[in-house]
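In what follows, a structure is listed as structure tokens, so that the remarks can point back to it.
The values are calculated or read from the model by the stated rules, or taken from the named source; none is laboratory data. Everything quoted here is computed from the prediction, not taken from an experiment. Cβ placement follows ideal geometry from the backbone for every residue including glycine, while neighbour counts extend to all protein chains displayed.
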Amino acid sequence: MNHLRPPEPNLDADDERVTFSVVERVVVATLTRELTEGSTRRMREELLELVHRVRARAVVIDVSPLQLMDTWEFAVLGATASMVRLMGTHTVLCGMRPQVVEVFCLLEADLSGFEATVASVHAALLWIRRHP
């Protein structure tokens, strides 16, 4: 499968596609809009730096705002989760809508970098509490 995406238009500095919050050394990264090559680089850099800085014990990637995702986005998230796990940090994906799950299954996407997929951020935090 080809995971390449066409070049993106120039983005403004305020083009926030990922927001971060930290709760009890758990980094929650919420994707607010579809990813682009530039936003992916920024997201990875910020996420990995934040994991290191707060000594995160887990990362939750929340995709609940997204209506659809494509193979490229699945590949990006899987690779990012693998990077986070290399830092010794749990990774959990949450918030996949029914349409996203359907595309995920049809495309046979790989999310093996994630230790769990759950319905919500709340469910992700509960999973993390049970897996210290």
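Summed over region 86-124, the residues that are touching a Gly at 6+ places or on another chain (Cβ under 6 Å) and of a type in the set (D, E, K, R) give a count of 1. Regarding residue 102, is this residue part of a helix (DSSP H, G or I), crowded, with 21+ Cβ neighbours inside 10 Å, modelled with pLDDT under 95 and among the charged types (D, E, K, R)? Answer is no for this residue.
Of all residues in region 36-60, those that are in a helix (DSSP H, G or I) and within 23 Å of residue 25 (Cβ to Cβ) total 13. Is it fair to say residue 83 is in a loop (DSSP other than H, G, I, E, B) and surrounded by 14 or more Cβ atoms within 10 Å (Cβ to Cβ)? Spelling it out, it is not the case that residue 83 is in a loop (DSSP other than H, G, I, E, B) and surrounded by 14 or more Cβ atoms within 10 Å (Cβ to Cβ).
Residue 63 - would you say it is buried (at least 18 other Cβ atoms within 10 Å of the Cβ), free of Cβ contacts under 8 Å to residues at least 40 places away in the same chain, more than 16 Å from residue 24 (Cβ to Cβ) and in contact with a strand residue (DSSP E or B) (Cβ under 7 Å, 6 or more places away or on another chain)? Yes; evaluated as a whole, the condition is true for this residue.
Scanning region 122-132 for residues being buried (at least 18 other Cβ atoms within 10 Å of the Cβ) and more than 22 Å from residue 79 (Cβ to Cβ) gives a total of 1. Close contacts from region 27-49, counting a first residue that is basic (Lys, Arg) and modelled with pLDDT of 90 or more and a second that is surrounded by fewer than 20 Cβ atoms within 10 Å (Cβ to Cβ) and part of a strand (DSSP E or B), with Cβ to Cβ under 9 Å and a gap of 6+ residues or different chains, come to 33/18; 42/18.
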